[in-house]
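The structure appears right after this line, and notes come after that.
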Amino acid sequence: MARKADPLFDDDAGRPRRGAIDAEGSRKPGRLTRLFRRRPRSRRPAAGADAPTRRPPRRLRGRIVRWTLYGLLAIVLLYYPVGMAVMHRIGDDTAMTAPAEEGASRAVAMAAALIRRETVDHAWTPNDPFIYPSWALDNLPHFQVGIRDALGRFAIEMADKIGRNRGSSAVDKDLEDAMGKLRYSPYTWVWDISVSLLPTSSTEAQYRAAMRSLLRYNTRLAAGSATFERRADNLQTLIDRVNADIGSDSARIADRVEQFGGIFFDTRSDNLFYRTKGRVYGYYMILRELGADFAGILAEKQARKVWANMMESLRRAAELQPLIVRNGAPDGMVQPNHLAAQGFFLLRARTQLKEVSDILQR
């Protein structure tokens, strides 16, 4: 028999009790069940229907920002290592040749070829800003500056001695222009705030202009309208200048080994090593071609054998390229000292340069 609703104890006389069975025979859910039951999601409006634009949920926006930052970080981490590996090319090929016209100077042609290789083929790196991966390179920039030092010295001697008639004639315009351009700072980009707020001439532009001046001089020399004095005293003067520069490098190496030899992490020894290597490489390539330009003088002075020995010492110093430059203790058993090895060949080359100079002076 069904219970009657009691108004004193029931809130709603017409509401069915929990667990009561409705007219269709199904059991009604209780009050707590209805309270914690998940509400069905509202359906999305049909395509084309007028509906307000909803912003993506916070979780989706955070995910987009997070993956964007991950992508930028991955680009940065790959950009520098991969770019550095591509840009790092130490051009110490001692078999490199440079064609020269008949009657032209092979040494001048080699100087122009080296400038072209380092500023066009390999790209000049000492002045690169941080937006380039080569900005993080260390050894290649010092090597290129060393080559520039050797070419600058050669351009000075060409303008002052070899390219003039015993110093009494006017300086050749192309040689003077090349000498001035090669004195330009190797660290100037297209914009240098220390010089001007406006764009300026870059190092590459100046050195390429020097290359064109050298090529113009060689073209005029082949045509017989320029001077190239093949005299023993001119070659001797250049040899003495090279000897003095190598002596300065030897002194710097000795100071570095004495003060910091044996330190496990000497972060500046590789800078000195590669700048010296670049200078010696540049001198080797120029002197190799000067040996052909002054072949008659060397044969006349009977200096070919001493010249060949000198060139061999310079070549050995120019081709040194350890995987990691170490400045170990000179008497150490574990760590090598690549600066000391380089200095040995430099001192040997200096001795032979002095011998060549003495022979040419006779």
With label points built 7 Å along Cα→Cβ from the Cα atoms of A222 and V65, find their separation and express it in nm.
6.6 nm
Just for the Cα atoms in the stretch 119-207, what are the lengths along the principal axes, largest first, rounded to whole Å?
49, 30, 21
Nothing charged except the Cβ atoms of Lys and Arg (+1) and of Asp and Glu (-1): what's the magnitude of the dipole of the stretch 230-362 about its Cα centre? Round to the nearest 20 debye.
260 debye
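Where does the stretch 68-164 land on Rg(C-alpha)/(2.2 N^0.38 Å)?
Ratio of Rg to 2.2 N^0.38 Å for the stretch 68-164: 1.44.
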If r is the Cβ-Cβ distance from H88 to R212 and R0 is 22 Å, what FRET efficiency results, to the nearest 0.05?
0.20
Cα coordinate range in the stretch 252-322, projected on the principal axes (Å, largest first):
50, 18, 17
Sparse-neighbourhood loop hits (trypsin sites (Lys or Arg not before Pro), the stretch 115-172; DSSP loop; Cβ within 10 Å at most 12 others) -> R166
Mind listing P(r) for the stretch 230-362? All alpha-carbon pairs, 5 Å bins, whole percents.
2, 11, 21, 21, 15, 11, 8, 6, 4, 1, 0
Expressed in nanometres to one decimal, the distance between label points 7 Å along Cα→Cβ at A341 and A244 is 3.2 nm
Measuring from label point to label point, each 7 Å out along Cα→Cβ, what is the N309 to D233 span in nm?
2.8 nm
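Once you have the Cα-Cα distance between Q361 and A292, take 0.36 nm times their residue separation minus that, and quote the gain in nm to one decimal. It would help to have the intermediate numbers written out before the result.
Details: separation 69, 0.36 × 69 = 24.84 nm, distance 1.91 nm.
Between Q361 and A292, full extension yields an extra 22.9 nm.
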Kindly state, to the nearest 0.05, the FRET efficiency for E300 paired with K173, given R0 = 35 Å and r defined as their beta-carbon distance.
0.65
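Values quoted throughout were computed directly from the atomic coordinates according to the rules given, and no laboratory measurement underlies them. Remember, it's a predicted structure, so these values are computed and weren't measured experimentally. Backbone-built Cβ (ideal geometry, glycine too); neighbour counts: all protein chains shown.
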